[in-house]
Amino acid sequence: MVEVIVVSHGSYAKSLVESSELIMGEQEHVHAFGFFLGENVEELREKVEQKIKEIREEDQNKEILILTDMRSGSPFNAVTLLMQNYHFYHIAGVNLPIFLEILGTREFQKGQELKDMAMSIGRDTIVDVNKMMED
């Protein structure tokens, strides 16, 4: 099973996990980190790095998928810095439908497959409801 880490501004990451558990039940191997007012990117990077190290200590070959809330924000920057020293998959722009799809299929797919699947369904998770209602 692919280990999932969600990193966001504020409590969005934690809320994604809580919402997913409301829909799918308790989730194992899912970790949430938020970036809050008064913190700096280095502190966030250290927290995420510590979690990566813990996962690797348990299983050196464990695949990790890290999801960040938006491109170029502080959580994205912290995770991108870690990509210099650690191998993991990273997707920016996570939302609840993508997150649910990842959690629902991560037991049966490899990290690369999960990343590719999330990227392909991403554009389908945003809907122009006005246009949909006209059709």
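General observations
- Cα-Cα P(r), the chain, percent of pairs per 5 Å interval: 2, 10, 21, 22, 21, 13, 6, 3, 2, 1, 0
- Note that region 68-80 has calculated 3J(HN,Hα) couplings of 10, 6, 7, 5, 6, x, 4, x, 4, 4, 4, 5, 4 Hz, one per residue in order, obtained from phi through the Karplus relation 6.51 cos²θ - 1.76 cosθ + 1.60 (θ = phi - 60°); glycine and proline are x.
- Note on the chain: dipole from Cβ charges, positive end direction compared against F99, T125, F36; the farthest Cα belongs to F36.
- Look at the alpha carbon pairs under 8 Å that are at least 6 residues apart: their mean separation over the length of the chain gives a relative contact order of 28 percent.
- Across the alpha-carbon set of region 32-111, the Rg to Rh ratio works out to 0.96, Rh being the Kirkwood radius.
- A crude spin-label estimate for the pair N95 and R56, with each label 7 Å from Cα along the Cβ direction, gives 3.4 nm.
- Put a plus charge on the Cβ of each Lys and Arg, a minus charge on the Cβ of each Asp and Glu, and nothing anywhere else: the dipole of the chain about its Cα centre is then about 340 debye.
- Cross-link reach is defined here as a Cα-Cα straight distance under 26 Å, omitting same-chain residues fewer than 8 places apart; for K62 the lysines meeting it are K14, K47, K51, K53, K110, K115.
- With neighbours defined as other Cβ atoms within 10 Å of a residue's Cβ, the residues E18, E57, E113 order from fewest to most as E57, E18, E113.
- Residue-span extension gain [T105 to E26] - 0.36 nm each, minus C-alpha spacing: 26.9 nm
- Given charges at Cβ of Lys, Arg, Asp, Glu: the chain dipole, positive-most of M70, Q27, M83: M83
- Net length available on complete extension from V41 to N77 is 12.2 nm, with 0.36 nm assigned per residue and the Cα-Cα distance removed.
- Neighbour-count ranking [beta-carbon atoms within 10 angstrom, fewest first] of R123, R45, R56: R123, R56, R45
- Under 13 Å, Cβ to Cβ, from V41 - net charge with Lys/Arg +1 and Asp/Glu -1: -3
- Residues whose placed amide H lies under 5 Å from that of T68, excluding near-sequence neighbours: V7, I91, A92, G93, V94
- Local electrostatic count at K115 - Lys and Arg +1, Asp and Glu -1, tallied over other residues with Cβ under 12 Å: -2
- Residue exposure sequence - D69, D124 - by fewest surrounding Cβ within 10 Å: D124, D69
Throughout, read-outs are computed from the coordinates displayed, never taken from laboratory work. All figures in this text were calculated on a predicted structure; none of them were measured in a lab. Quick reminder, even Gly has a Cβ in these numbers, built from the backbone with ideal geometry, and neighbours come from all protein chains shown.
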